[in-house]
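Each remark here refers to the structure printed beneath this line.
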Amino acid sequence: MRGLMMGRFQPFHNGHMELVKQILNECDEIIIAITSSQFNYLEKDPFTAGERIEMIHNSLRDSDVDLTRCFVIGVENQFNIATWSSYLKAALPKFDIVYSGNDYVKMLLADSGIEVVPPKFLDRTQYNATKIRKMIVSDEQWQKFVPSAVVDFIRTINGENRLKVISKSDTKPTEH
């Protein structure tokens, strides 16, 4: 059985890592689908799809997750929401079950006959990418909320500065 986990992963954090481990305990393989892959350098989506793929890959590798059981793939947002589940089936390897705590996602996929199960989340008030991005901008201790591979990667690409520049900019590209 193959499980699907979707998210923007801006950035990938410890809550995401725990969900990966949960899915791999319950399934033979996992697809980690990076949604909104076409968006980057925005307050809500500061990292590119390629950067997010590297963050996730490096985090999985460092946690001794068997990478042969994992697919990490970017998918673009679709403007026709009614056909979104068909798009996922065409854009991703075959999946049997979707893990999502998002009621909207559950509704859309259930309407297409796709089984959705709620994940067992870590404390979402602590492990929340929006909160982590705000902590990075305000120089708070954000590092303990993400895998060390993510800390290293963000520092390598000067991501802390990127978030600060984006947050102060009066140039606001069209958000999605």
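A compact table of results
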item: Some residue of the range 114-129 being part of a helix (DSSP H, G or I) and over 18 Å from Met1 (Cα atoms); result: yes
item: All positions within the range 71-93 that are more than 19 Å from the chain's Cα centre (by Cα) and under 25 Å from Asp28 (Cα atoms); result: Ser86, Ala90
item: Candidate set: the range 118-144, residues that are in contact with a Phe, Trp or Tyr (Cβ under 6 Å, 6 or more places away or on another chain) and either more than 21 Å from Ser63 (Cα to Cα) or at pLDDT 90 or above (or both); chosen: the one surrounded by the most Cβ atoms within 10 Å (Cβ to Cβ); result: Ile132
item: Single unsatisfied condition, Ile32 versus (1) touching a residue at least 40 places away in the same chain (Cβ under 8 Å); (2) surrounded by fewer than 22 Cβ atoms within 10 Å (Cβ to Cβ); result: (2)
item: Among residues of the range 59-70, those that are buried (at least 18 other Cβ atoms within 10 Å of the Cβ) and part of a helix (DSSP H, G or I), counted; result: 2
item: Residues within the range 1-43 that are closer than 21 Å to Glu115 by Cβ and among the small types (Gly, Ala, Ser), tallied; result: 3
item: The listed residue being modelled with pLDDT under 95, surrounded by fewer than 20 Cβ atoms within 10 Å (Cβ to Cβ) and assigned to a helix (DSSP H, G or I), out of Glu43, Glu76, Glu18, Glu54; result: Glu18
item: Those residues of the range 21-40 which are under 18 Å from Gln78 (Cα atoms) and part of a loop (DSSP other than H, G, I, E, B), in sequence order; result: Thr35, Ser36, Ser37, Gln38, Phe39, Asn40
item: Scan of the range 87-116 for residues that are among the hydroxyl-bearing types (Ser, Thr, Tyr) and in contact (Cβ under 8 Å) with a residue 40 or more places away in the chain, ordered by number; result: Tyr99, Ser100
item: Options Ser167, Ser112, Ser100: the member that is surrounded by 13 or more Cβ atoms within 10 Å (Cβ to Cβ), among the hydroxyl-bearing types (Ser, Thr, Tyr), in contact with a Lys or Arg (Cβ under 8 Å, 6 or more places away or on another chain) and at pLDDT below 95; result: Ser100
item: Residues within the range 54-87 that are farther than 21 Å from Val105 by Cβ and not small (Gly, Ala, Ser), tallied; result: 13
item: Scope the range 35-49; condition at negative phi and touching a residue at least 12 places away in the same chain (Cβ under 8 Å); matching residues; result: Thr35, Ser37, Gln38, Phe39, Leu42, Glu43, Lys44, Asp45, Pro46, Phe47, Ala49
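The values are calculated or read from the model by the stated rules, or taken from the named source; none is laboratory data. Since we're looking at a predicted model, the values are computed, not measured. Note that we place each Cβ from the backbone using ideal geometry, even for glycine, and neighbour counts take in every protein chain shown.
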